[in-house]
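Q: Take this structure first; my questions come after.
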Amino acid sequence: MSNTAEIKVGGQSYELPVIEGSEQEQAIDISALRGQSGVITIDPGFKNTGSTTSAITFLDGEKGILRYRGYSIEDLAEKSNFLEVSFLLIYGHLPSNEEYTRFVDSITKHTLVHEDVKKILEGFPSTAHPMGVLSSLVCAQTAFYPESLDPNRSADEVDMSIIRLIAKMPTFAAWSYKNQIGQPVNYPDNKQNYTANFLKMMFANPAEAYEVDPVVANALDKLLILHADHEQNCSTATVRVVGSSHASMYASISAGINALWGPLHGGANQAVIEMLENIKKDGGDTKKWMAKAKDKNDPFRLMGFGHRVYKNFDPRAKIIKKAADDVLEKLGVKDPVLDIAKGLEEEALRDPYFVERKLYPNVDFYSGIIYRALGIPTDMFTVMFAMGRLPGWIAQWKEMRENKEPIGRPRQVYTGANERSYVGMDER
Ligand code: SDX
């Protein structure tokens, strides 16, 4: 394909460069278009618009490919661990033994949070959704580390913010849950690994001993890997835009948590389980619910299905579906909603409405079933997604800052009233 594109508008032709990425993806660079023609492009939801170039994650929606820094998600989910994948995403290479040990030791040393965080936590009623508490506690870190307010200070300071954020996220997550159930918080236990420490802070309580099940801790580590990054999704694009104004990393990540919360994005894992529960309560008639999902007059959508990019199976959904079977079997858990989920999937995969629109199960379709088997409460599913996505958000924020990208400020086409004069109240 030629490395230029020609756009004809108002009888004039304009030539624009075409750029090509390392996986032969092509894009028309329209940065000069308005200056040359006075015309802009428009693309609600950015379905056909690239916001940046990035070396972090590659995904091919047609082929169902997902790679972090060139390594396939299947390889990483099977052979790596979440902190190693976090290092890979943020620093661009698999760590040496020494780099890995230093990274993990630093994170372990920073799991404790300032005691004043408890005063913020106590301000939230137990009705507070853990995602709202989480985004508030993350943003509140700007108060405890005011030097982080200036992201241009030094690479060391940015690295320190990175360590603190990855280290404290499980503590904030577990504490947001304890606040919801009215139990005392648990302090981190630095003898435990990352996911075991989180599970202990979540489920230990003064009334009974709690032993972390390694099957649960390992399954959780794999789930965090699968959620770690996903190129320019809604919440990552939010982190980049907020960070482009030179807001601190904590403020940018807090914004990403709030974007992830929506049921069309990361909130879908909670919405999937609520949907499956509703279908079960309604007698398990999947055909009725499939008809609702296809009915344009019915707002119901089949949660966990469809994807902006994947027009084939979401590779993560395949891995999670297998992990769901393994974990439920290992834990001896029989979950009736798993059968409903499999029934819905089978029907959707042969239904013309879904086939024509290339709607397949996405990462959220099966993840809630595993989280539930691991004892994670439904309100915490999206918090788990945020914990997993954290290194991806950090990596993308860091890349945007290092590339000195300009502030994100889209244009628009105005469709409101033309100029008119003010009229006094009596004349209206
Ligand atoms: C995540 O971007 C990412 O990478 C996100 C994510 C990540 O890792 O960050 O992968 C995580 O957010 C996964 C998606 C989780 N959301 C859900 O499962 C919610 C249910 N899915 C949909 O709402 C929808 O599929 C989206 C939001 C995921 C994608 O929406 P798009 O790309 O804007 O597509 P669309 O809404 O324009 O849908 C195209 C057509 C429409 O029908 P027509 O107008 O062509 O007739 O497909 C239909 C839609 O009505 N459709 C669905 C459907 N999803 C799309 N119909 C029924 N059920 C669905 N789930």
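The values are calculated or read from the model by the stated rules, or taken from the named source; none is laboratory data. In this text, all values refer to a predicted model and were calculated from it rather than measured experimentally. Cβ placement follows ideal geometry from the backbone for every residue including glycine, while neighbour counts extend to all protein chains displayed.
Q: Considering only region 259-284, how many residues are in a helix (DSSP H, G or I), within 14 Å of the ligand (Cβ to nearest atom) and surrounded by fewer than 18 Cβ atoms within 10 Å (Cβ to Cβ)?
A: Number satisfying all stated conditions: 1.
Q: On to the next question. Could you check how many residues of region 4-23 are surrounded by fewer than 10 Cβ atoms within 10 Å (Cβ to Cβ) and in a loop (DSSP other than H, G, I, E, B)?
A: Of the residues in that region, 3 qualify.
Q: For region 292-313, how many residues are more than 7 Å from the ligand (Cβ to nearest atom) and either under 19 Å from the mean Cα position of the chain (by Cα) or farther than 21 Å from residue 278 by Cβ (or both)?
A: Total meeting the criteria: 4.
Q: Moving to a separate point now. Look through region 52-93, keep the residues that are under 17 Å from residue 23 (Cα atoms) and among the polar types (S, T, N, Q), and return whichever of them is surrounded by the most Cβ atoms within 10 Å (Cβ to Cβ).
A: Per the criteria, the residue is 57.
Residue-wise test of (1) buried (at least 23 other Cβ atoms within 10 Å of the Cβ); (2) away from the ligand (no atom under 16 Å from the Cβ).
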position: 338; (1), (2): no, yes
position: 342; (1), (2): no, yes
position: 372; (1), (2): no, yes
position: 378; (1), (2): no, no
position: 391; (1), (2): yes, no
position: 401; (1), (2): no, yes
position: 411; (1), (2): no, yes
position: 425; (1), (2): no, yes
position: 428; (1), (2): no, yes
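Q: Next question, about the same structure. In this structure, does residue 413 turn out to be in contact (Cβ under 8 Å) with a residue 24 or more places away in the chain and farther than 23 Å from residue 257 by Cβ?
A: On the way: in contact (Cβ under 8 Å) with a residue 24 or more places away in the chain: yes; farther than 23 Å from residue 257 by Cβ: yes.
Here the answer is yes, as residue 413 does meet what is asked.
Q: Please verify whether residue 333 is outside the structural domain of residue 169 (by TED's automatic domain parsing), among the β-branched types (Val, Ile, Thr) and within 15 Å of the ligand (Cβ to nearest atom), treating the condition exactly as stated.
A: Working: outside the structural domain of residue 169 (by TED's automatic domain parsing): yes; among the β-branched types (Val, Ile, Thr): yes; within 15 Å of the ligand (Cβ to nearest atom): no.
Taking the combined requirement at face value, the residue does not satisfy it.
Q: Would you check if residue 52 is in a loop (DSSP other than H, G, I, E, B) and free of Cβ contacts under 8 Å to residues at least 40 places away in the same chain?
A: On the way: in a loop (DSSP other than H, G, I, E, B): yes; free of Cβ contacts under 8 Å to residues at least 40 places away in the same chain: no.
It is false that residue 52 is in a loop (DSSP other than H, G, I, E, B) and free of Cβ contacts under 8 Å to residues at least 40 places away in the same chain.
Q: Restricting attention to region 213-241, and to residues there that are of a type outside the set (S, T, N, Q), crowded, with 20+ Cβ neighbours inside 10 Å and in a loop (DSSP other than H, G, I, E, B), which single residue is nearest to the ligand (Cβ to nearest atom)?
A: Going through the qualifying residues, I end up with 230.
Q: Could you identify the single residue in 400, 380, 387 that is of a type outside the set (Asp, Glu), modelled with pLDDT of 90 or more and touching a Gly at 6+ places or on another chain (Cβ under 8 Å)? Explain how you work it out, then say what you get.
A: Working: 380 fails: touching a Gly at 6+ places or on another chain (Cβ under 8 Å); 387 fails: touching a Gly at 6+ places or on another chain (Cβ under 8 Å).
Only one candidate passes the filter, namely 400.
Q: Give all pairs with beta carbons closer than 7 Å in which a residue from region 222-244 that is over 18 Å from residue 398 (Cβ atoms) and free of Cβ contacts under 8 Å to residues at least 60 places away in the same chain meets a residue that is of a type outside the set (Gly, Ala, Ser) and more than 9 Å from the ligand (Cβ to nearest atom); count only pairs at least 6 apart in sequence or on separate chains.
A: none
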